[in-house]
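Laboratory data are not the source of any read-out in this text; all were calculated from the coordinates shown. Computed from a prediction, not measured in an experiment: that's the story for all the values here. No Cβ is skipped: glycine too gets one built from the backbone with ideal geometry, and neighbour counts run over all protein chains shown.
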Amino acid sequence: MDKVYQTVENLHKQVRFFLLGSLDREGFPNIKVVLPVKERISLKAIYFSTNTSSLHVAQYRAKPQAAVYFFDGLAFKGVMLKGTMEVLEDAKTKAHFWNKGDVVYYPLGASDPDYCILRFTPTSGRYYHNFKSIDFTL
């Protein structure tokens, strides 16, 4: 299982886009494509920046259950993670993950009230590759 974890960890640090899943009021999944923050620390806590006013932030606040999917389309590898999403709005966290290019989206900088950080904490996952799936826990 250590080899699977390391493979998934490496893929997490290489991919460009992530798909985030949240649940709406009726319990239906909603999917959104996002970019990761500049610093990818570990598979055990994945961070994203987004608009505080967005629909998926409201959904995570109501129901923190979430899924994250990322993949390498050329190698036909993919990872689906299940866990919980937290909305972080404290100044220290926002400043830590701030990217100066984000000013395009958040004109007030890291202190913009419409800028927040999402922290995804996975509990389990499934790795797909070579026509096989491997379930794992974190």
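Considered as a group, the residues in region 6-53 that are under 21 Å from LYS100 (Cα atoms) and polar (S, T, N, Q) include one that is surrounded by the fewest Cβ atoms within 10 Å (Cβ to Cβ), and that residue is SER53.
ALA75 falls short on exactly one of the conditions (1) outside any helix (DSSP H, G or I); (2) in contact with a helix residue (DSSP H, G or I) (Cβ under 8 Å, 6 or more places away or on another chain); (3) surrounded by fewer than 18 Cβ atoms within 10 Å (Cβ to Cβ), and that condition is (2). Counting only residues that are surrounded by 16 or more Cβ atoms within 10 Å (Cβ to Cβ) and of a type in the set (Lys, Arg), region 83-118 holds 1 of them. For region 54-68, a residue qualifies if it is surrounded by fewer than 19 Cβ atoms within 10 Å (Cβ to Cβ) and part of a strand (DSSP E or B), and exactly one does: GLN65. Contact map, region 85-99: first residue under 14 Å from PRO113 (Cα atoms), second residue assigned to a helix (DSSP H, G or I) and β-branched (Val, Ile, Thr), Cβ cut-off under 6 Å, separation 6 or more or different chains; pairs are VAL87/VAL57. If you go through region 20-36 and keep only what is in a strand (DSSP E or B) and either of a type in the set (A, V, I, L, M, F, W, C) or over 16 Å from THR50 (Cβ atoms) (or both), you end up with LEU20, LEU23, PRO29, ILE31, VAL33, VAL34.
Filtered by the rule that a residue be among the aromatic types (Phe, Trp, Tyr), closer than 19 Å to ARG16 by Cα and not in a strand (DSSP E or B), region 78-131 gives PHE97, TRP98, TYR105. Of the residues VAL4, VAL37, the single one that is of a type in the set (A, V, I, L, M) and over 15 Å from the mean Cα position of the chain (by Cα) is VAL4. Close Cβ contacts (under 8 Å, 6 or more residues apart or on different chains) running from residues in region 43-66 that are over 19 Å from ALA110 (Cα atoms) and touching a residue at least 40 places away in the same chain (Cβ under 8 Å) to residues that are assigned to a helix (DSSP H, G or I) and hydrophobic (A, V, I, L, M, F, W, C) comprise LEU43/VAL8.
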